[in-house]
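Written out below as structure tokens is the structure these notes cover.
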Amino acid sequence: MFKNAKWIWSAENGVDTGDCVFRYTFNLEKRPKASELTVAATGRCFVSVNGAYVLYAVGRDVTETETFYMTADISRELKKGVNVIVARVVGGAETNGFALECDEPAVASGSTFTVYRSTAATRTDDKTVFNATVEHRLAGVHTPEFMSDIFKPVTEGEPADTVLASARPAPLFDAAKKRGYDKIDGGIVMETEPGAVYPRFTVTANSGDKIEITGSLGSRTLVYVAHEESQSFEFDEPLYGTLTFQYPSTVKLNEAGYRLVECGAERTGLFKCDRDVVMQLLDKAENTFRLCTAGAFTERPDSRTITPLDASVLASAAVYTLTDGAAFLQNLMNALLDALDGKPTWVTIDNRLYTLYGLSGLGLHGDCAAVLNDSDLRQRALQATVAYLETFDGESESLRAETDGRYNIDTRLLACALEYSAVTLCCAEADALEITRYDDVLTARKAQCESRAETLLKNGGLTTAGDLHDDRANALAVLSGLAPQFLAGDAARVMATALNATPVWESAVTEALFAAGHAEWAMKRMQARAAVLDEYTLPSDYVGEGEPCRAAAAGYISAFYRAIAGVRYENGGRRITITPDLSAVSRIYFELPDGKLMGKINRSAKNTEFIFDNRTGLDVTLRLKLNKGIVTDEPVKELELKKGRNVFKF
């Protein structure tokens with residue numbers, strides 16, 4: 001813990017203060033066997049010792065009643081002779097601060113630390129880190145005043161390894177033995193395991209030599225500038241896919257490797273059907289899902305940021321594919337609610353439409369109501385959603401997005417559909433939880449949405465506002481139930497002809513076409529999209545780190561489970577309904593992640609066979625969309641699955 005450390009910052013302080021780099025140099029007669037470093041900061045903080053990244057410190061708790069700290073053993077990075085500790089701390093708070101202390105050797109932040117203005121956005125490009133020149137040096141440090149100096153371990157507030165993601169170092173490959181990589185002209189190529197990888201290496205080089213590392217997925221290149229003859233280094237930014245190290249002939253690469261961050265929960269769910277385009281997109285969506293869970297939920301929280309929309313899509317996919325999918329969903333829902341309460345979290349709420357999506361029946365809140373038997377969390381989510389609806393005005397011009405010829409976003413219809421979805425979910429949850437105090441406000445809000453929809457769904461159901469024809473807005477109008485059944489066909493025609501949706505909404509359009517009874521249109525749309533997408537992930541411009549509009553491309557996973565296999569959780573996970581859509585496929589196979597429910601469906605010219613293995617102990621209902629062998633738009637028969645093997649032929 002902190003005994004001698006002082007909170008320090010540059011003499012210039014406040015919201016206009018940029019990032020600061022703190023530097024401290026000291027001598028050691030010998031390297032200690034153990035050396036515990038403790039760091040806390042008001043903003044994100046990255047610490048390196050002798051050029052090696054050692055830890056990340058999370059920002060100060062906004063309640064100002066406690067501060068999270070992070071510890072690391074830095075004995076491996078220390079050496080006999082001159083040692084340098086460098087910390088880059090993100091500024092921008094009204095009061096900024098940084099505290100560091102080490103037990104052996106005795107180091108504590110204070111007036112002996114030098115501070116520099118960070119001149120680049122990323123630590124690896126910031127020359128002040130290793131070449132802290134005089135012109136970048138600031139006037140000095142001072143001690144900010146804080147309301148409290150109560151400290152709390154970061155692992156209590158934000159665990160590093162959870163079902164969201166886990167981190168582990170891969171072995172460093174010995175360059176001298178030429179194992180673990182392939183030599184190329186001017187460098188090496190190294191295969192990696194699936195997930196986010198943080199390159200690490202040891203080199204002998206001249207000061208100023210550059211080592212460039214590129215991942216085969218995405219377009220990012222990381223650059224390291226050597227600052228002394230021999231050094232070890234690990235990047236704090238992820239790459240994906242095969243790594244290519246390139247460097248001049250003056251550099252000797254002694255060791256190279258990476259630290260792997262991967263989804264920490266086992267993938268056990270399975271879906272298959274007999275349409276190639278579905279399986280092609282599903283394969284890409286699963287790659288995107290794996291990379292996004294690794295990139296967005298690591299203990300390297302510089303990249304730990306995600307919108308409620310992306311979080312909703314990942315959580316929904318996790319429910320159908322991961323053993324710990326329910327825990328994944330629960331963690332994300334809590335993170336969104338914490339963000340709404342003003343607590344530090346990795347879910348961002350600056351985009352009001354994305355936040356409303358997370359609170360709607362289409363997002364995290366909807367999945368929580370369907371999957372989680374957690375009345376406390378569901379009550380908290382209900383209260384937060386009702387409160388958020390009070391601040392949300394679907395008529396606000398501030399929600400109107402500018403169109404630039406590429407994105408014809410009908411924001412009013414989009415907002416109305418999400419608002420309607422959130423309101424109808426709250427009505428259902430209030431009934432299920434026997435809460436009546438929201439009845440009046442929800443009834444009024446629902447009527448407002450329906451009234452607004454009469455204007456938005458104009459011209460006999462073109463489902464456009466103004467002159468816009470927006471496939472994504474039409475999709476949400478159908479999925480939310482805002483578009484009445486008699487208008488769903490008109491909405492489907494817009495979705496089939498307008499290709500405005502970015503990858504963030506594409507799976508929603510596909511699912512809505514199924515819901516509107518146009519499975520073949522959905523198939524044609526998927527074929528058009530699949531033809532132009534990247535070979536590995538969705539979308540083609542994916543660059544990782546849980547960025548907005550990236551993770552949501554994994555939405556095909558849950559869309560296929562729900563729209564084709566027709567599997568849905570209900571009533572807090574106590575009930576499962578299966579309503580397969582056989583209008584565009586003939587064979588379906590699925591397994592839920594816990595292995596307790598399997599379904600196999602084969603449709604031939606003579607009959608359709610349904611085989612289920614039910615070991616869930618839940619109420620499981622099969623809803624058939626078949627009438628005398630002909631596929632129907634609506635279910636015409638319901639069958640309750642008994643425990644064990646169930647076989648039906650029609």
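The values are calculated or read from the model by the stated rules, or taken from the named source; none is laboratory data. Quick caveat: nothing in here was measured; it's all calculated off a predicted structure. So basically every Cβ, Gly included, is an ideal-geometry build from the backbone, and we count neighbours across all protein chains shown. In case anyone asks, the SASA skips ligands and DNA or RNA and just uses the protein heavy atoms, side chains included. Shrake-Rupley method; radii C 1.70, N 1.55, O 1.52, S 1.80 Å.
Listed conditions (1) open to solvent by 60 Å² or more (accessible area, probe 1.4 Å); (2) within 22 Å of Thr268 (Cα to Cα) are all met by Ala605, apart from (2). Listed conditions (1) over 30 Å from Val371 (Cβ atoms); (2) open to solvent by 10 Å² or more (accessible area, probe 1.4 Å); (3) modelled with pLDDT under 80 are all met by Thr464, apart from (2).
Okay, residues lined up against (1) open to solvent by 20 Å² or more (accessible area, probe 1.4 Å); (2) among the aromatic types (Phe, Trp, Tyr); (3) at pLDDT 90 or above:
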position	(1), (2), (3)
Arg472	no, no, no
Pro484	yes, no, no
Ala491	no, no, no
Val509	no, no, no
Tyr536	yes, yes, no
Val543	yes, no, no
Ala552	no, no, no
Arg574	yes, no, yes
Ile578	no, no, yes
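Applying the criterion of being part of a loop (DSSP other than H, G, I, E, B) and among the hydrophobic types (A, V, I, L, M, F, W, C) to the residues of the stretch 358-386, the residue that is farthest from the chain's Cα centre (by Cα) is Leu372.
Looking at Ser10, Ser35, which one is open to solvent by less than 10 Å² (accessible area, probe 1.4 Å), among the small types (Gly, Ala, Ser) and modelled with pLDDT of 80 or more?
Numbers: Ser10 fails: modelled with pLDDT of 80 or more.
After applying the criteria, what remains is Ser35.
The condition of being open to solvent by 20 Å² or more (accessible area, probe 1.4 Å) and modelled with pLDDT of 95 or more holds for only one of Thr391, Thr403, Thr436, Thr424, that being Thr424.
Among the residues of the stretch 587-602, write down those that are in contact (Cβ under 8 Å) with a residue 60 or more places away in the chain and either open to solvent by 40 Å² or more (accessible area, probe 1.4 Å) or of a type in the set (Asp, Glu) (or both). Working first, answer last.
As a first pass, look at the stretch 587-602 and keep what is in contact (Cβ under 8 Å) with a residue 60 or more places away in the chain: 587-595.
Passing the criteria: Arg587, Tyr589, Glu591, Asp594.
Is it true that Ile188 is closer than 20 Å to Phe46 by Cβ and at pLDDT 85 or above? Spelling it out, it is not the case that Ile188 is closer than 20 Å to Phe46 by Cβ and at pLDDT 85 or above.
Checking every residue in the stretch 555-567 against the condition of being crowded, with 20+ Cβ neighbours inside 10 Å, of a type in the set (Ser, Thr, Tyr), assigned to a strand (DSSP E or B) and modelled with pLDDT of 65 or more gives zero matches. State whether one or more residues within the stretch 638-648 are at pLDDT 90 or above and open to solvent by less than 10 Å² (accessible area, probe 1.4 Å). Yes, there is a match, as at least one residue in the stretch 638-648 is at pLDDT 90 or above and open to solvent by less than 10 Å² (accessible area, probe 1.4 Å). Criterion applied to Glu419, Glu429 was being of a type in the set (Asp, Glu), surrounded by 12 or more Cβ atoms within 10 Å (Cβ to Cβ), under 30 Å from Arg525 (Cα atoms) and at pLDDT 90 or above, and the one residue passing it is Glu419.
Every listed requirement among (1) part of a strand (DSSP E or B); (2) closer than 26 Å to Ala522 by Cα is met by Leu639 save one, (2).
Being among the β-branched types (Val, Ile, Thr), open to solvent by less than 10 Å² (accessible area, probe 1.4 Å) and within 18 Å of the chain's Cα centre (by Cα) is a property that holds for Thr355. Taking the criterion of being under 15 Å from the mean Cα position of the chain (by Cα) and either surrounded by fewer than 18 Cβ atoms within 10 Å (Cβ to Cβ) or in a loop (DSSP other than H, G, I, E, B) (or both), the residues of the stretch 335-350 that qualify are Thr345, Trp346, Thr348, Ile349.
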